[in-house]
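The values are calculated or read from the model by the stated rules, or taken from the named source; none is laboratory data. Quick caveat: nothing in here was measured; it's all calculated off a predicted structure. Note: ideal-geometry Cβ built from the backbone for every residue, glycine included; neighbour counts use all protein chains shown.
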């Protein structure tokens with residue numbers, strides 16, 4: 001669970017510092033920077049599974065996949081790329097496994113990970129621009145510090161179930177050391193114990209004048225962090241150290257990595273939701289909505305068809321003619337197909353269902369699937385939903401997340417949701433302490449004005465408390481998020497120019513309301 005995120009120098013995110021609860025709604029106009037926040041989260045995830053350059057190229061640009069890595073960096077008018085700094089505070093699961101499926105048990109579960117990257121233009125033996133790792137750290141909070149870093153409402157029992165263990169030193173640290181001149185004797189007993197990185201990005205990394213070497217250290221996973229650390233030269237690392245750890249050397253770091261790998265952006269595509277599954281297809285919902293039939297079939301087999309009845313009841317909140325939801329198992333073709341039966345007994349396959357119905361079904365499957373944990377990001381969940389039924393969609397999204405008043409368990413998994421929207425209907429219906437307003441704001445950086453984004457909250461919520469300290473939005477600005485596009489009717493409009501809101505009977509109805 002991501003509890004706090006600091007971002008600086010990533011796209012138009014400068015000096016961003018946000019706390020997150022189980023459910024968060026980020027509201028703002030188009031192109032203000034809401035999606036950039038999701039991109040920063042997913043970039044951090046990508047750094048956990050691929051080399052730095054590949055992670056950079058995977059971040060979407062203005063027209064899809066990135067073609068120039070500079071688009072990731074905040075740039076001044078002089079073309080200077082600010083370093084990217086991302087810091088994440090997170091709650092990680094107490095147990096799990098690494099990429100070789102070896103078991104891992106966390107020594108501590110409330111961690112803070114920080115990474116700093118900088119842009120290096122092509123120079124010398126490096127024919128292409130690259131991104132260099134500057135700093136990487138992984139530390140833990142003490143249990144006594146947890147209340148000061150979890151400002152949202154929660155119970156002591158819930159906190160005790162998610163914050164465990166104690167660690168006095170860092171799991172990963174970065175140090176700057178003064179390099180000795182070539183040929184000088186090295187009397188350090190640890191010098192021969194340096195573990196060389198797996199590959200170099202350049203034959204001889206170029207440094208600024210008087211810049212000392214930076215070493216990233218992976219410390220042993222003991223309560224005190226004692227023992228000999230593995231040491232890497234930062235500028236030679238093609239990927240983060242955390243992305244390559246295993247359960248034998250650092251199980252806690254493995255679980256931090258696994259937590260970030262569980263962060264996903266759900267972009268539910270109708271074509272993927274409608275597709276049947278083969279018997280051997282994965283049985284967990286993909287980010288695009290694929291494998292919904294296989295997921296529902298697995299859940300129904302594990303729990304004696306109850307999940308399908310629960311989903312049908314959920315779907316009844318959206319459309320009132322639902323009879324039942326089922327999975328047709330075609331033994332001859334080895335296919336699983338989603339079917340919906342209405343109250344008249346008519347069977348409707350997935351290909352006949354509306355986009356909104358399919359999206360709702362997919363999210364209902366997430367709610368009852370205990371294996372799907374971590375952070376779920378979703379853009380504009382109201383798409384495809386009738387305005388009168390948006391409340392049902394929002395209720396489902398809030399039921400997906402962990403209940404912070406109860407201890408975590410199989411029926412209360414550690415799961416959170418962050419959505420973004422520009423819909424006044426959504427903003428008006430979510431709890432007031434879940435809303436973060438995103439607004440354009442000019443920032444002065446190194447003598448240049450940069451079009452950035454500012455985040456604000458409503459007064460009197462936990463976000464404006466002495467812990468979170470988020471600036472409060474001006475009430476007039478907040479009202480603009482709740483008003484429809486046409487704020488006022490004009491009864492003088494006639495004929496083809498008359499809008500719905502210009503009708504006198506509609507104007508009178510507004511006054512009566």
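For region 390-401, the criterion of being part of a loop (DSSP other than H, G, I, E, B), over 19 Å from the mean Cα position of the chain (by Cα) and not assigned by TED's automatic domain parsing to the domain that holds residue 315 is met by no residue.
Going by the conditions given, is residue 7 out of contact with any helix residue (DSSP H, G or I) (no Cβ under 9 Å at 6 or more places or on another chain), touching a residue at least 40 places away in the same chain (Cβ under 8 Å) and assigned by TED's automatic domain parsing to the domain that holds residue 463? So residue 7 fails the test.
Only residues that are touching a strand residue (DSSP E or B) at 6+ places or on another chain (Cβ under 6 Å), part of a strand (DSSP E or B) and over 20 Å from residue 424 (Cβ atoms) were counted across region 372-389, and they come to 3. Taking the criterion of being assigned to a loop (DSSP other than H, G, I, E, B) and in contact with a strand residue (DSSP E or B) (Cβ under 7 Å, 6 or more places away or on another chain), the only residue of region 346-371 that qualifies is 353. Only one of the numbered conditions (1) farther than 21 Å from residue 367 by Cα; (2) assigned to a helix (DSSP H, G or I) is not met by residue 436, and that is (2).
Would you confirm whether or not region 301-311 contains a residue that is part of a helix (DSSP H, G or I), farther than 22 Å from residue 395 by Cα and out of contact with any strand residue (DSSP E or B) (no Cβ under 8 Å at 6 or more places or on another chain)? Among the residues of region 301-311, at least one is part of a helix (DSSP H, G or I), farther than 22 Å from residue 395 by Cα and out of contact with any strand residue (DSSP E or B) (no Cβ under 8 Å at 6 or more places or on another chain), which makes the answer yes.
Residue 359 meets all of the listed conditions (1) surrounded by fewer than 23 Cβ atoms within 10 Å (Cβ to Cβ); (2) in contact with a helix residue (DSSP H, G or I) (Cβ under 8 Å, 6 or more places away or on another chain); (3) more than 21 Å from residue 31 (Cα to Cα) but one, namely (1). Is one or more of the residues making up region 377-386 surrounded by fewer than 16 Cβ atoms within 10 Å (Cβ to Cβ), over 30 Å from residue 93 (Cβ atoms) and touching a helix residue (DSSP H, G or I) at 6+ places or on another chain (Cβ under 6 Å)? No, that holds for no residue.
Across region 437-466, which residue is nearest to residue 8 (Cα to Cα) among those that are loosely packed, with under 15 Cβ neighbours inside 10 Å and within 24 Å of the chain's Cα centre (by Cα)? The residue in question is 451.
Checking each residue in region 7-22 for being part of a strand (DSSP E or B), within 13 Å of the chain's Cα centre (by Cα) and surrounded by fewer than 23 Cβ atoms within 10 Å (Cβ to Cβ) picks out only 18.
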